[in-house]
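Reading through the structure tokens given below for one structure.
The values are calculated or read from the model by the stated rules, or taken from the named source; none is laboratory data. Since this is a predicted model, take the numbers as computed values, not measurements. For neighbour counting, all protein chains shown are included, and Cβ atoms are generated from backbone atoms with ideal geometry for every residue, glycine included. We work out accessible area using only protein heavy atoms, side chains counted, and drop any ligands, DNA or RNA first. Shrake-Rupley method; radii C 1.70, N 1.55, O 1.52, S 1.80 Å.
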Amino acid sequence: MDFIIGGAYQGKRDLAFRRYGLTADDIYTCTEAEGIRFGARCIDRIEEFTLWCVRNEKDAVAMFRENREAWRGAVLICQDIFCGVVPLGADMRAWREMTGRLAAYLAAEADSVTRVFCGLEERLK
Amino acid sequence: MIVFLSGGAKNGKTALAEDIAVKLSGGGRRYYVATMIPYDDEDRARIARHVEERAEKGFGTLEVGRDIGSCPSLGGRDATYLVDSVTALLLNEMYPDTFEREADPTAAERCRAGLLRLGREAENAVFVSDYLYSDAARYDAFTENYRRDLASLDRTVAGMADVVIELSAGIPIVRKGEFVL
């Protein structure tokens, strides 16, 4: 599994297209309403899945653990929403923490970790 | 040479940008391009203080809040320009006259054209922006659009830059090219 992380609008998805030769059909985009579908070649907006988890009282890391076989060969993309100020709302706080924990889990599991900054990539692992 | 600096607030971006501009300009003319448009006496007092401080470092000041591409025709193509900041330029272009009106949807593209022109025409340019893309918040549509457009301008400037530096806790991390100090 290859993990791509970075801030909003920094070019994470562009990098996935470029480096892994993906097409739009390869990418599943998580949403706050629908959560996630494991098994796609590339799963983008994982931070939307963690927000779905918060809203539906699920543990994001546990769900990834249970579905490990389905994403082991995938490209996973997550926004690093856990770098800013601790938000005031309880949901937003839980969201921030769960995303941070999931990112650490995925980075540990990943064959490669890349951070994207202003369109520039940095290999972290 | 084009240098792009970004990072969080109060990180020392402006101070580092000044040092880089001094180094790049050598004995040549250097301008601090002040992008903030003053709205009250407090703003004006702060600007006056900054102008004085920078004069000691050999910077002239150009007040260019909009149409950033006009800099080389104001100070010459052979000068060094420190543009602080892309963040303010975009906001200024979005509201050409008053904050009462809707944001101008063409602001980002005008801003981009100006930044590219300055980068192309000036001997040296140092651009400063703000990194505001990694927090847990749901923004209103206005703020989200602003964030998206600013990120897009950042990527344009980073793309044309010879050197890209991220400042983290005041420490420069070179993302592209070689550190110039």
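What to note about this one:
- Residue under evaluation B:Gly60, criteria (1) closer than 24 Å to B:Val180 by Cα; (2) crowded, with 20+ Cβ neighbours inside 10 Å, criterion not met: (2)
- Considering A:Arg93, A:Arg123, A:Arg45, the condition of being touching a Ser or Thr at 6+ places or on another chain (Cβ under 7 Å), open to solvent by 60 Å² or more (accessible area, probe 1.4 Å) and at pLDDT below 95 is satisfied by A:Arg123 alone.
- When residues of region A:1-40 are limited to those that are away from chain B (no Cβ under 14 Å) and of a type in the set (S, T, N, Q), the one least open to solvent (accessible area, probe 1.4 Å): A:Thr29
- Meets criteria (exposed (fewer than 14 other Cβ atoms within 10 Å of the Cβ) and either not in a helix (DSSP H, G or I) or not β-branched (Val, Ile, Thr) (or both)) for A:Ala103: no
- Each residue in region B:128-145 was checked for being within 11 Å of chain A (Cβ to nearest Cβ) and either touching a residue at least 60 places away in the same chain (Cβ under 8 Å) or not polar (S, T, N, Q) (or both), and 10 of them qualify.
- For region B:161-181, a tally of residues being within 11 Å of another protein chain (Cβ to nearest Cβ) and surrounded by fewer than 16 Cβ atoms within 10 Å (Cβ to Cβ) returns 4.
- Scanning region B:63-81 for residues that are of a type in the set (A, V, I, L, M, F, W, C) and open to solvent by 60 Å² or more (accessible area, probe 1.4 Å) yields one hit, B:Leu74.
- Pairing residues of region A:11-30 that are of a type in the set (Phe, Trp, Tyr) with residues that are open to solvent by 50 Å² or more (accessible area, probe 1.4 Å) and assigned to a loop (DSSP other than H, G, I, E, B), at Cβ distances under 6 Å and at least 6 apart in sequence or on separate chains, gives A:Tyr28/A:Arg37.
- Residues that are aliphatic (A, V, I, L, M), assigned to a helix (DSSP H, G or I) and without any contact (Cβ under 8 Å) to a residue 12 or more places away in the chain, drawn from region A:61-100: A:Ala62, A:Ala90, A:Met92
- Just so you know, in region A:71-111 the residues that are of a type in the set (Phe, Trp, Tyr) and more than 8 Å from chain B (Cβ to nearest Cβ) include one that is nearest to A:Thr29 (Cα to Cα), and it is A:Trp71.
- In region B:1-46, the residues that are open to solvent by less than 70 Å² (accessible area, probe 1.4 Å), acidic (Asp, Glu) and not in a loop (DSSP other than H, G, I, E, B): B:Glu18, B:Asp43
- The numbered conditions (1) assigned to a strand (DSSP E or B); (2) within 21 Å of B:Leu132 (Cβ to Cβ); (3) among the polar types (S, T, N, Q) are all true for B:Thr61 except (2).
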